[in-house]
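For reference, the structure is listed below as structure tokens.
The values are calculated or read from the model by the stated rules, or taken from the named source; none is laboratory data. Note that the structure is a prediction, hence the values are computed from the model and not measured. Note that each Cβ is placed from the backbone with ideal geometry, even for glycine, and that neighbours are counted across all protein chains shown. Heavy atoms of the whole protein, side chains included, go into the accessibility calculation; ligands, DNA and RNA do not. Shrake-Rupley method; radii C 1.70, N 1.55, O 1.52, S 1.80 Å.
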Amino acid sequence: MSKKPKVVYESDKLYKLLEDPKQGLVLEVVAGSSAMYAVRMALTQAEKDQYSAKGIAYLDGLAADVVKNEKSYRDQGRTVPV
Amino acid sequence: MKRTLLVFAAAAFALLSSGSARADIARCSKPQQAIAKAVETATHKNALAHVKANFTPKGSYLVNDYVYQNFVKGKPKLGRPDGGDSYLFVAGGKFIDGVLRAAKKADGTYDFTIIEHKLGLPPATYKPDGGLWRIDVNVPISCYRLPRAADPGANSDFKPGGFTSGGVPEILVLNGRASHAQQVVKKGVQKPAPAKGAPARKGGKSGAKKTSAN
């Protein structure tokens, strides 16, 4: 039985940062407008570095970018619906 | 006396010509009223007429069960908080009625592929066993305006003017509250029915119960 990811940070801007035992840091974001859904995206090393350097402000920007361009992230195989 | 009347008339004219007498955006903050007017000027569309045509008596949005349980339930305001306001895109209530009617199958379950297609979502966004909630918002009594590309929640396909690129009527509600939340699809309703003669499941969740959308 796989362990549930641990919530590292929860933003009121409809996203969470999770620590997954297999994938490491994972961003969970609510995307969509009048039809909403959640997606998860494992952070790359570059994104982890940016988060270490800039903190929550970086996550705010990354989550907003995922919302704006979710189809593009999904086409690249980065986001997976929850 | 004449001077007093003149001052009063001038004040009344200034109030009316400034547009602050518009009842439809009076519930919005001053900055949001300014944005509402700017968007209408840019798009040549009127939010009040749009709401009367498509969002009366309500607007609606859909969320899957995971989002409802983790990001919606128990929150005082609907939508995405940002800079002191909470932004929520809603579709026309009648439009959502039509989507759910079209997706409802003869056995009472819903075909998520139809819902995804009509709302412009990528295929397999909603997991068939994941459940779906419809949340209604009383748009005419809320602060609302036509959305713009810069609003939180707008995606790269955003089109100005109150309709999505797929033709779905949409409006932005600020700091909205739910008038009604209804789970239209519960877990498991889209799983294939067991073959005749197959043993019934014991003890587990049947998952077959649902409530009607209409």
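Go through B:42, B:34 for me and flag whichever is without any contact (Cβ under 8 Å) to a residue 24 or more places away in the chain and either open to solvent by 50 Å² or more (accessible area, probe 1.4 Å) or within 12 Å of chain A (Cβ to nearest Cβ) (or both).
Of B:42, B:34, the one residue that is without any contact (Cβ under 8 Å) to a residue 24 or more places away in the chain and either open to solvent by 50 Å² or more (accessible area, probe 1.4 Å) or within 12 Å of chain A (Cβ to nearest Cβ) (or both) is B:34.
Looking at region B:139-154 only, could you name the residues that are surrounded by fewer than 20 Cβ atoms within 10 Å (Cβ to Cβ) and either under 24 Å from residue A:63 (Cβ atoms) or aromatic (Phe, Trp, Tyr) (or both)?
Matches in region B:139-154: B:148, B:149, B:150.
What are the pairs with Cβ atoms under 9 angstrom where one residue, in region B:174-188, is open to solvent by 60 Å² or more (accessible area, probe 1.4 Å) and the other, located anywhere, is modelled with pLDDT under 75? Sequence gap at least six, or different chains.
From region B:174-188, the pairs are B:186/B:207; B:186/B:208; B:186/B:209; B:186/B:210; B:186/B:211; B:187/B:205; B:187/B:207.
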